[in-house]
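Take a look at the structure below.
The values are calculated or read from the model by the stated rules, or taken from the named source; none is laboratory data. Remember, predicted model here, so these are calculated numbers, not experimental data. Here Cβ is always computed from backbone atoms with ideal geometry, including for glycine, and neighbour counts include all displayed protein chains.
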Amino acid sequence: DVQLVESGGGSVQPGGSLRLSCDASGYTYSSNCMGWFRQAPGKEREGVAFVYFGRVGSSKWYADSVKGRFTISQDNDQRTAFLQMNNLKPEDIAVYYCAASRYGFTWAVSSYDYWGQGTQVTVS
């Protein structure tokens, strides 16, 4: 099984920045896609940013709400993903979850088999 561990959440003022990290271990096979979901209070879990591994220039996808503010990146071992979050807004308040899939990129929550425990991001 794959284990994912997130870190880097916290509380910032509007306009502040946070950098989330996701460390993957326990691979029995490679994951093709890693990324971040978030779940705000009373809301459904939604995709935020994703990166597809295996290419020199990785393919990346962002939710419209975070384009221009968030950047996803990864270590060259393809087992660590980062989410740099700049210009944070109250609308970004949520628990952020790292996720991994053996398959190609998808926005669907149900397509991801491996999940971290979540890390809280608060903007006040």
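Things worth noting here:
- Whichever residue in region 1-16 is in a loop (DSSP other than H, G, I, E, B), in contact with a Phe, Trp or Tyr (Cβ under 9 Å, 6 or more places away or on another chain) and not small (Gly, Ala, Ser) and, among such residues, is nearest to Gln120 (Cα to Cα): Val2
- Filter result for Val12 (more than 14 Å from the chain's Cα centre (by Cα) and on the phi < 0 side of the Ramachandran plot): yes
- Residues located in region 101-120, provided they are out of contact with any Leu (no Cβ under 6 Å at 6 or more places or on another chain) and not polar (S, T, N, Q): Arg102, Tyr103, Gly104, Phe105, Trp107, Ala108, Val109, Tyr112, Asp113, Trp115, Gly118
- Residues of region 70-124 classified as among the charged types (D, E, K, R) and within 23 Å of Phe53 (Cβ to Cβ), total: 5
- Counted residues, region 12-25 - those being loosely packed, with under 13 Cβ neighbours inside 10 Å and at pLDDT 95 or above: 4
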